[in-house]
Structures are given as C-alpha cells and as structure tokens.
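For reference, the structure discussed in these notes is given below.
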Amino acid sequence: LVASAQKGSILVAGNVGYSSDKVDSDFDSKKNTFFIEPKIGYQFSDNMTVGVEGGYTNTKGENDVTYSGKVYTDELKSNEYKIGGFLRYAVPFSQTFAAYADLGAGYKSIDTEKTIANVTSDDKSNSGNGFYVGLKPALFINFKNSFGLNFGIGGIEYSNMDYDNDSSKSDFEFSFGKQVSVGISKNFGGAK
C-alpha cells in the first residue's frame, strides 16, 4: 500500500460500516444498515493486490402505517452474505497516506422477513441469491509497519438476484457519501 507494504506481502484487512436513512412525511420511515467486510490478499506488485473477500450486512427498516384506524410500525429485516474475489489498486501519496480502490465480484445471498400489522413472515420477493460486482474507493492511513486505518465513503455496486418468488432483478446501488466505513489493514512479509 505504501513504501513499507511491498510486493510479495500478504494483506489482511477488514471494514465495519453503518448507514442510516430517515424520511419524515405523513408517516415516518427509517432504515439502518450495519456491515462488516473481511479481506485477505496477496500484493503481487507495489500497487496491486488480489484476494478473497467476504461480507455480512444487516438491514432493518421501519415504516409507520395506519390499518383500520390503528397505527402500526411495519418492519423489514434482512441479512445479506457475500463471498468473492477482489483486485485492489493503491496509489501512495507518502509513507503515511495512500488512496486505493477495490474492484470486487462474487456470490451473494439475502434472507428477508417482514412484519406487517404485527404478523411476521418470510419476504420471498426480497430473499434469494445471485452475483455482485462493485467498486469501493478508500483512504489508508499508515501508523507503523504497514498497519493502519481504512476510511471509505461508499461506492457503486451492480447485482443480479434470483428471488424465492421465482422473480429476478438487476439492481445498481450508488452509495457515495451515504455510507461510512472504518477498518484496519496490515501487510505481512514482502520483498526486502
């Protein structure tokens, strides 16, 4: 990643993130998302790393609605799992700072349940599996010996999903500036 993260080193990294959206209107609506993304890779040049990535995302959404004159809070809860590969290109600015972008692709699965008027059921229209391709830029701050912090502010992702209700959907998500992630990275070994 920087001068001390050399060709032939092993990258171990992980990010944790959170996002929250709230819409105030005639009825309140909010959505909270937490995610964790571990990675391990091999730095095959001073700027390029290839490896495997995983991910877990938990999303909870609430919406206040009225049924038969009574106000209920409808809920949607989903768990998303990802496994795939990534390619990282890093540009060092100094011994302390570097910018990088991860291009990742792989398999993902989503399980969703909904609660409407206090009745909980599986949401087959939002549960299924498929593939994703995404690009996430970030900033790395090196503290010592290629150990440091990652800071990200979202990215872009395309996914194609086959859902349990026999439907399929392609989706393009743009989360720049809507999502914050913080993580750690450490490079081990490398050419001397």
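The values are calculated or read from the model by the stated rules, or taken from the named source; none is laboratory data. None of these values were measured; they are calculated from a predicted model. Positions of Cβ are backbone-derived with ideal geometry, glycine not excepted, and every protein chain shown enters the neighbour counts. The area values use the complete protein model at the heavy-atom level, side chains included, leaving out ligands, DNA and RNA. Shrake-Rupley method; radii C 1.70, N 1.55, O 1.52, S 1.80 Å.
Quick notes on this one:
- Area of Val71 that stays accessible when all protein chains are in place (1.4 Å probe, Å², to 10): 100
- In order along the range 168-173, the phi-based Karplus estimate (6.51 cos²θ - 1.76 cosθ + 1.60, θ = phi - 60°) of 3J(HN,Hα) comes to 9, 8, 9, 9, 10, 10 Hz; Gly and Pro are listed as x.
- Taking the protein heavy atoms of the range 1-119 in the context of the full set of protein chains, the accessible area attributed to carbon and sulfur is 58 percent at 1.4 Å.
- Relative contact order [Cα under 8 Å, 6+ residues apart], the chain, whole percent: 22
- 14 Å beta-carbon shell around Ser19, net charge (K/R +1, D/E -1): +1
- Only lysine pairs 8 or more places apart, or on different chains, with alpha-carbon atoms under 19 angstrom apart are counted in the range 61-134, and they number 8.
- Within straight-line cross-link reach of Lys39, aspartates and glutamates at Cα separation under 20 Å, skipping those fewer than 8 residues along the same chain: Glu53, Glu80, Asp102, Glu157
- The range 38-155 - charge dipole about Cα centre, Lys and Arg +1 at Cβ, Asp and Glu -1, debye rounded to 20: 320
- Dipole orientation for the chain: of the candidates Ser125, Tyr18, Gly104, Gly104 has the Cα lying most toward the positive pole (charges on Cβ; Lys, Arg +1; Asp, Glu -1).
- The heavy atoms of Leu149 offer some 50 square angstrom of accessible surface to a 1.4 angstrom probe.
- Estimated distance in nm for a label pair at Ala117 and Asp162, the labels positioned 7 Å out from Cα along Cα-to-Cβ: 3.5
- Glu173 - accessible surface, heavy atoms, 1.4 Å probe, Å² rounded to 10: 90
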